[in-house]
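One structure is given here, and the rest of the page talks about it.
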């Protein structure tokens, strides 16, 4: 090849180096170019570069050809992030509880071969609660009788024009506290007894559903 043919090729290569990349490179850069559009103080702004102070704004991103490629919401505030994390934690807990409940229900079907067996198991638990409640009732009756006796002594002292002895007054206060404690304990036991009875009915209903589903398979 003569030097007359080489010179145009060298000039073309040199021109390509001086002027930049090849047309293929320029086409690739054009394909990668993005346009950002966001709002700032109520005004819509678009540009091929996203300012640092607009990174957290809601925005839409377009390709060089004008095709919408991505839509991003604004960045959450610290309070919103905390609320979202709290909600996600509640959802995780709810999912975990639901999974645990499902395992318990399936275990219940395998553990009890009949509704009567399930009733007996709940009956044993209910019997313990009822025994505790009865014990609290007896305790309340005993404390109330003791308190009434102390109150009569205090009333007699006052009718006689005497001051109520400090030991007697302290005893009355102590019996009052004991009575309130026993009454609160009895209320808790009564609630527990009611909830246990409701749980039995719900468990029986679920037991029948699972047994029926197993029979239909």
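Of all the numbered requirements in (1) loosely packed, with under 14 Cβ neighbours inside 10 Å; (2) under 38 Å from the mean Cα position of the chain (by Cα), residue 173 misses one, and that requirement is (2).
Would you confirm, using the coordinates I've provided, whether residue 44 is loosely packed, with under 10 Cβ neighbours inside 10 Å and part of a strand (DSSP E or B)? So residue 44 passes the test. Across the range 98-113, the qualifying residues are those that are farther than 19 Å from residue 196 by Cα and exposed (fewer than 11 other Cβ atoms within 10 Å of the Cβ), and the one among them that is farthest from the chain's Cα centre (by Cα) is 113. Here is a check on your reading of the model: is residue 137 in a helix (DSSP H, G or I), under 24 Å from residue 214 (Cα atoms) and free of Cβ contacts under 8 Å to residues at least 60 places away in the same chain? Spelling it out, it is not the case that residue 137 is in a helix (DSSP H, G or I), under 24 Å from residue 214 (Cα atoms) and free of Cβ contacts under 8 Å to residues at least 60 places away in the same chain.
Of 78, 95, all but one fail to be within 27 Å of residue 44 (Cα to Cα) and under 20 Å from the mean Cα position of the chain (by Cα); the exception is 78.
Only one of the numbered conditions (1) outside the structural domain of residue 184 (by TED's automatic domain parsing); (2) in contact with a helix residue (DSSP H, G or I) (Cβ under 8 Å, 6 or more places away or on another chain); (3) over 30 Å from residue 199 (Cα atoms) is violated by residue 81, and that is (2).
If you go through the range 73-88 and pick out every residue that is surrounded by 10 or more Cβ atoms within 10 Å (Cβ to Cβ) and either within 30 Å of residue 210 (Cα to Cα) or touching a residue at least 12 places away in the same chain (Cβ under 8 Å) (or both), you end up with 2. The sole residue among 195, 168 that is assigned to a helix (DSSP H, G or I) and farther than 30 Å from residue 102 by Cβ is 168. Considering the conditions (1) in contact with a helix residue (DSSP H, G or I) (Cβ under 9 Å, 6 or more places away or on another chain); (2) free of Cβ contacts under 8 Å to residues at least 12 places away in the same chain; (3) outside any loop (DSSP other than H, G, I, E, B), residue 65 is excluded by exactly one of them, (3).
Residue 137 meets each of the listed conditions (1) assigned by TED's automatic domain parsing to the domain that holds residue 190; (2) touching a helix residue (DSSP H, G or I) at 6+ places or on another chain (Cβ under 6 Å); (3) farther than 17 Å from residue 207 by Cβ apart from (2). Considering each residue of the range 194-212 in turn, none proves to be surrounded by 11 or more Cβ atoms within 10 Å (Cβ to Cβ), within 17 Å of residue 138 (Cα to Cα), outside the structural domain of residue 107 (by TED's automatic domain parsing) and free of Cβ contacts under 8 Å to residues at least 60 places away in the same chain.
The values are calculated or read from the model by the stated rules, or taken from the named source; none is laboratory data. Just so you know, these numbers come straight off a predicted model, no measurement behind them. With ideal geometry, Cβ positions are generated from the backbone for all residues, glycine too; neighbour counts draw on all protein chains shown.
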